[in-house]
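Following: one structure in structure tokens, then a few remarks.
We did not get these values from a lab; they are worked out from the coordinates using the rules stated. Since this is a predicted model, take the numbers as computed values, not measurements. Quick reminder, even Gly has a Cβ in these numbers, built from the backbone with ideal geometry, and neighbours come from all protein chains shown.
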Amino acid sequence: MARTLENLLGDYVIRNPSEKVAVSSLCGKDRVIGIYFSAEWCPPCKGFTPKLVEFYKKIHEKEEGCKFEIVFVSWDKDDNTFAEYFKTMPWLAQPFGHAKKGKLCKKFRVQGIPKLVLIDAETGQTITREGYSHLMEDENGTEFPWRRKKFGDIIKGKLLKEGKEVDALEELKGKIVGLYFSAHWCPPCRVFTPELIRTYEKLKANGKKFAVIFVSSDRSEDSFTSFANSMPWLALPFGDPRSQMLKNLYEVEGIPMLVMIDEQGGVITLDGRLALNEDIDGQEFPWYPKPINELTEGGAIQLNESACLVLFVEPEDEEVDRARDLLLQPATEEHNKGEHRDLVFFIGADDDICESVRVFASLSERTPLLTILDFPEQKVYVSEEKNITTEHVCSFVKDYLQGTLPARPCRSNSN
């Protein structure tokens with residue numbers, strides 16, 4: 001997995017301005033790498049960094065040949081400030097202004113600092129993006145490295161059903177589960193809840209084995225009870241500690257959020273709300289992610305979070321089908337990377353949002369038009385090829401992944 005770490009961090013990191021450390025040397029069985037996004041100008045960072053230093057030293061003192069390392073990714077404004085701040089840290093750092101910083105922030109959805117992400121150095125898989133919260137709650141590192149617990153281990157116990165207690169594992173056995181993170185005080189939740197109820201009841205009427213659990217963020221038990229009583233499904237009791245455990249497990253940062261879980265406790269999708277809004281009749285239940293999606297207003301949210309390949313075509317069915325055939329091979333290869341996916345694939349056809357995206361990115365009206373839109377990094381990549389083939393799409397993707405594809409700023413950055 002050395003290549004995976006190098007793809008994330010680059011070929012080397014530094015221990016001090018003059019000492020380079022090969023990223024490949026950080027790999028190994030049972031090793032954990034912390035990626036620490038921070039900056040000297042950020043007051044919460046300056047409060048957290050000493051705690052992290054103390055924790056880092058504690059772990060190293062406790063374990064001989066410790067397999068925990070941290071790489072500092074700076075959000076500082078200049079090289080001198082970075083260097084002074086880095087002197088307070090006993091770990092490694094990415095060189096200041098490294099080209100990988102943007103991709104790291106995008107991959108781990110870093111919208112604010114401090115942020116501590118832990119990854120498994122053997123597999124390259126993310127252990128948790130919430131290292132900051134875990135450390136604040138577990139300063140002695142009793143459960144370090146805070147690996148994700150299984151859904152079944154967390155949810156076991158009592159749930160509420162029509163005001164009565166029932167056994168969770170018995171109620172959920174053999175069913176697809178939707179974890180509905182919501183609250184009565186949240187206006188978007190009050191809008192989405194009736195939509196979820198309609199789809200839930202339709203699925204149940206069609207014989208689908210589907211259970212929903214309300215995981216509340218309400219501020220009072222009265223509000224919780226009132227909201228839970230409007231729902232025809234299960235609920236975690238108000239104030240139940242499993243609520244926070246589930247929020248940590250699925251990294252819930254906003255509500256409403258619908259997480260779909262399969263019969264074995266594995267995640268189907270974290271974007272159940274979007275999937276349901278796109279499929280209110282539940283024809284594609286339980287909404288397994290697809291390698292290729294059509295660009296709609298709901299799906300366009302992904303444009304703000306990831307680099308997206310969009311093939312714009314005429315809205316006729318045969319053109320959309322042809323576009324799907326052209327994209328299938330490279331889209332499937334990316335989709336199979338799982339959390340290491342670099343691109344999300346879309347077909348832009350007849351939804352109104354397609355025109356808005358074209359205007360925002362200053363794209364021509366030509367079809368077919370093959371693009372990669374990297375809005376998080378404010379970059380746009382456009383193919384000049386008019387006779388698009390699968391081979392051309394694969395070459396376009398390969399050049400992007402290798403960093404050799406020419407880019408231009410998107411419209412909002414060029415005005």
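Can you list the lysines whose alpha carbon sits under 16 Å from that of residue 290, skipping same-chain ones fewer than 8 residues off?
Correct list for residue 290: 337.
First measure r as the distance between the Cβ atoms of residue 365 and residue 283, then evaluate 1/(1 + (r/R0)^6) with R0 = 35 Å and state the FRET efficiency to the nearest 0.05.
0.60
Using a Förster radius of 22 Å, what is the FRET efficiency between residue 77 and residue 99 based on their Cβ-Cβ separation? Nearest 0.05, please.
Efficiency at R0 = 22 Å is approximately 0.80.
Which one, [x] 167; [y] 148; [z] 135, gives volume of the Cα convex hull per residue in Å³ as derived from the coordinates shown?
Among [x] 167; [y] 148; [z] 135, the one derived from this structure is [x].
Please work out the C-alpha center-to-center distance from segment 333-387 to segment 135-149 and express it in whole Å.
With segment 333-387 and segment 135-149 each reduced to a Cα centre, they are spaced 40 Å.
Would you mind ranking 359, 267 by Cβ crowding within 10 Å, fewest neighbours first?
Working: 359 10, 267 15.
Ascending Cβ contact count within 10 Å gives the list 359, 267.
Peptides 304-315, 397-408: what's the order by average Cβ count within 10 Å, highest mean first?
Sorting 304-315, 397-408 by mean packing, highest first, produces 304-315, 397-408.
Rounded to the nearest 0.05, what FRET efficiency do residue 402 and residue 61 have when you use their Cβ-Cβ distance and R0 = 25 Å?
After rounding, the FRET efficiency stands at 0.05.
Would you mind putting 111-119, 387-395 in packing order, based on average other-beta-carbon counts within 10 Å, highest first?
Top to bottom by mean Cβ count within 10 Å: 111-119, 387-395.
Can you give me the distance in nm between label points at residue 148 and residue 238, each placed 7 Å from the Cα along the Cα-to-Cβ direction?
The modelled label-to-label distance comes out at 3.1 nm.
Please give the length that would be gained between residue 111 and residue 173 if that part of the chain were fully extended, namely 0.36 nm times their separation in residues minus their C-alpha to C-alpha distance (nm, one decimal).
Full extension of this stretch gives 18.6 nm more.
What full-extension length gain, to one decimal in nm, is calculated for residue 156 and residue 356 as 0.36 nm per residue of separation minus the Cα-Cα distance?
Residue separation times 0.36 nm, minus the Cα-Cα distance, leaves 67.4 nm.
So what is the 222 nm mean residue ellipticity for the chain from helices alone, if each DSSP H run of at least 4 adds -39500 (n - 2.57) and you divide by all residues, rounding to the nearest 500 deg cm²/dmol?
-10500 deg cm²/dmol
Along the Cα-to-Cβ line of residue 221, 7 Å from the Cα, sits a label point; which residues in segment 149-175 have backbone N less than 19 Å from it?
158-166
Give, rounded to the nearest 20 debye, the magnitude of the charge dipole that the chain has about its Cα centre when Lys and Arg contribute +1 at Cβ and Asp and Glu contribute -1 at Cβ.
Magnitude of the dipole: close to 1220 debye.
Roughly speaking, what is the stretch gain from residue 229 to residue 30, that is 0.36 nm per residue apart minus the C-alpha to C-alpha distance, in nm to one decimal? Present the calculation step by step, with values, prior to reporting the outcome.
Numbers: separation 199, 0.36 × 199 = 71.64 nm, distance 4.61 nm.
Full extension of this stretch gives 67.0 nm more.
For the peptides 174-184, 365-375, 146-156, what is the packing order when you average, over each peptide's residues, the other Cβ atoms within 10 Å and list the highest mean first? Don't skip to the answer; put the middle values down first.
Numbers: 174-184: 21.1, 365-375: 18.8, 146-156: 15.4.
So the peptides 174-184, 365-375, 146-156, ranked by packing, come out 174-184, 365-375, 146-156.
Based on alpha-carbon positions alone, could you give the equivalent ellipsoid semi-axes of segment 2-137 from the gyration tensor, as √(5λ), descending, whole Å?
20, 18, 16
Just grab the label-to-label distance for residue 390 and residue 264, each label 7 Å out from Cα along the Cβ direction, in nm (one decimal).
For residue 390 paired with residue 264, the spin-label model returns 2.9 nm.
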